[in-house]
1. Convert 4 °C to kelvin, take the viscosity as 1.567 mPa s, use the Kirkwood radius over C-alpha pairs of the range 104-221 as Rh, and evaluate the Stokes-Einstein diffusion coefficient in µm²/s, rounded to a whole number.
2. Just the C-alpha atoms of the range 19-238: what Rg/Rh do they give, with Rh taken as the Kirkwood radius?
3. If you take every DSSP beta bridge fully contained in the range 19-238, what fraction is antiparallel? Give it as a percent rounded to 5.
4. List the residues, sorted by chain then number, that are 5 or more residues from Tyr90 or on another chain and whose placed amide H is less than 5 Å from its amide H.
5. Which value, in debye to the nearest 20, gives the size of the charge dipole of the range 19-238 about its Cα centre, when Lys and Arg are +1 and Asp and Glu are -1 at the Cβ?
6. Rounded to the nearest Å, what's the spacing between the alpha carbon centres of the range 36-59 and the range 124-186? Just the number, please.
7. Order these peptides, 25-31, 210-216, by their mean beta-carbon neighbour count within 10 angstrom, highest first.
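Every number in this text was worked out from the coordinates using simple rules, so none of it is lab data. The structure displayed is predicted, hence computed values, not measured ones. As a convention, Cβ positions derive from the backbone with ideal geometry for all residues, glycine included, and neighbour counts pool all protein chains shown.
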Amino acid sequence: MSDTRMHHGSQDESPHPAVELQQVNVFYGNTLALEDFSLAIEQGVRVAVVGPNGAGKSTFFNLVSGLLSATRGVVTVHGHAPGQYLCLAYVTQASQLDLNFPVNVWDVAMMGRMGKLGLLHRPGEADRALVSASLARVGMLEHAQRQIGELSGGQRQRLFLARALVQEAELLLLDEPFAGLDVPAQEQILKTLDDVQALGVTVLFATHDLELASEHFDRVLLVNRRCIAYGTPQAVLTPKNLAEAYGGHLQVLNTAEGRVVIGDSGGHHEHGAQGQHG
């Protein structure tokens, strides 16, 4: 792996939260998607965003990324309006390219530099070194010359993550990045998240997997149209909060082997008797 360091803005220089929402409402037509949503996320933390289907997780991500405007309320990213903050990368469930398009892995990763370089500047040695380092971080450097249509789903998702690293994002939004991925691909992405968090990057990661949220994240944001709870996994993933978020779509069962949470996505997630994963 290359020793080239990826340089991100110092997280300690800004007094602002990485993400802040103040009494935000979002309507789609007459449908209320988010209601009185208030939240402040610290810089440099790794946050699992969880909640039932249709709870507004993707709406929340679209607000933060600037793809969607709030009907009411204020959204800021590092103190800026979301669309004005360039050091943000959003890897969506639908991150797709035309798989027949004649570009290779290296080309797609280099696209992450376009915001920094502009259309009229050619990549330099430092840009190429950053692409190499980013592909190496996600285990894709050996595939640099492969055409994108030859990649598996897991490889493509890791490529999109590499492109976000090339962008030198200080805030990384990942919307259900594990969908359709096998366990080795998931473990590779989690390892990469360890690396980027060490660089001070704030990570928001939408998932249905409460066990994953409990084991691998500093903070959990529990959503159902509003912020039900935000904090450590132990503080957020309580029977009371889960019942409020999921209602009849989630059951918390106490068994001899610990607590089992049965979610609306059909997953069974075991936790220890004190609320931590056992």
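1. My calculation gives 87 µm²/s for D.
2. 0.97
3. Details: 18 of 35 bridges.
Counting only bridges with both partners in the range 19-238, antiparallel ones make up about 50 percent.
4. Hits under the 5 Å cutoff: Leu173.
5. 440 debye
6. Value for the Cα centre distance between the two parts: 24 Å.
7. 210-216, 25-31
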